[in-house]
Amino acid sequence: MSFDVIAKYGLPSKYVDVSERINELLSQGSAEFIVTNAELRVADAHPGMVKTLIVKYENIEYTFSEQERVVLPPPSPDVTQLAIFYSHCVSSN
């Protein structure tokens, strides 16, 4: 499953796209992890410098520093599926 996520990691002068990795974590439910090079599966292009993870997810932008704990909420239910479920439940007396 793929979510509408844009994620980048690094320094303002050089970010790396980690959207695919964040999508992978979200597909397991809610994403909870510590921001590290290893967790994001990227090489450390700037040793000794604190990098930033920026995630735009469900129209909210989250910013985390390296070594910070991330907890992203599970994806919102699809409104179309919810409407169909509601319609089915209401009509089945």
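Side notes on the structure shown:
- Here the gap between V50 and S76, fully extended at 0.36 nm per residue and compared with their Cα-Cα distance, gives a gain of 6.2 nm.
- Charge sum, other residues only, whose C-beta stays under 15 Å from Y57's C-beta, Lys/Arg counted +1 and Asp/Glu -1: -4
- Amide H to amide H, with H built 1.01 Å from N, A31 comes under 5 Å of L72, counting only residues 5 or more places away or on other chains.
- Share of carbon and sulfur in the accessible area of the stretch 24-67 stands at 49%, probe radius 1.4 Å.
- Extension gain (nm, one decimal) between E58 and T36, 0.36 nm per residue minus Cα-Cα: 5.6 nm
The values are calculated or read from the model by the stated rules, or taken from the named source; none is laboratory data. Not measured: the values here are computed from a predicted model. Quick reminder, even Gly has a Cβ in these numbers, built from the backbone with ideal geometry, and neighbours come from all protein chains shown. Just so you know, the surface numbers come from the protein's heavy atoms only, side chains and all, with ligands and any DNA or RNA stripped out. Shrake-Rupley method; radii C 1.70, N 1.55, O 1.52, S 1.80 Å.
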